[in-house]
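Below: the structure, in structure tokens.
The values are calculated or read from the model by the stated rules, or taken from the named source; none is laboratory data. Computed from a predicted structure; not experimentally measured. Neighbour counts run over all protein chains shown; Cβ positions are idealised from the backbone, glycine included.
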Amino acid sequence: MTNNCKVDFMTKEIRVTKSFYKAAQIVGTEEFNTMINLQSKLPTYKIVFQNYPKPIRKVWQPTYSQMMEYVTTHEDSTAIDEFRETVKLARLTGMGYSMVRRWFMEKYSEAYMSANPECEAVA
């Protein structure tokens, strides 16, 4: 068994991941056989899903709409056109979000961070 299935004897629970549970629903798989074996040996135990905490995002990553909103409210029409051109170019070159974010951070990171103190870390 891997980390996909654990038996907690203190709480009388069989902890499984969602992917393990989904695979266990297919007859004949290793996960199915494991679940049948555990349920027959531990009939009073409950089956529960393992909850993993969401990873903490250390770097602030603005969405396209957040960047567009900032540019439209704080800059003139040439900056808006430049933002739109950067988005088009990024999509054409396959760079996508990373290119647009880099452009935005080079031009507006200090001003945006001072206006929005909840956005601390910038990479």
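Numbers at a glance
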quantity	calculated
Some residue of region 25-38 being closer than 30 Å to Arg102 by Cβ and in contact (Cβ under 8 Å) with a residue 12 or more places away in the chain	no
Single residue of region 72-123 satisfying the filter (surrounded by 11 or more Cβ atoms within 10 Å (Cβ to Cβ) and part of a loop (DSSP other than H, G, I, E, B)) that is modelled with the highest pLDDT	Gly96
Thr11, sole failed condition from (1) outside any helix (DSSP H, G or I); (2) surrounded by 12 or more Cβ atoms within 10 Å (Cβ to Cβ); (3) not hydrophobic (A, V, I, L, M, F, W, C)	(2)
Yes/no for Thr86 being under 29 Å from the mean Cα position of the chain (by Cα) and not hydrophobic (A, V, I, L, M, F, W, C)	yes
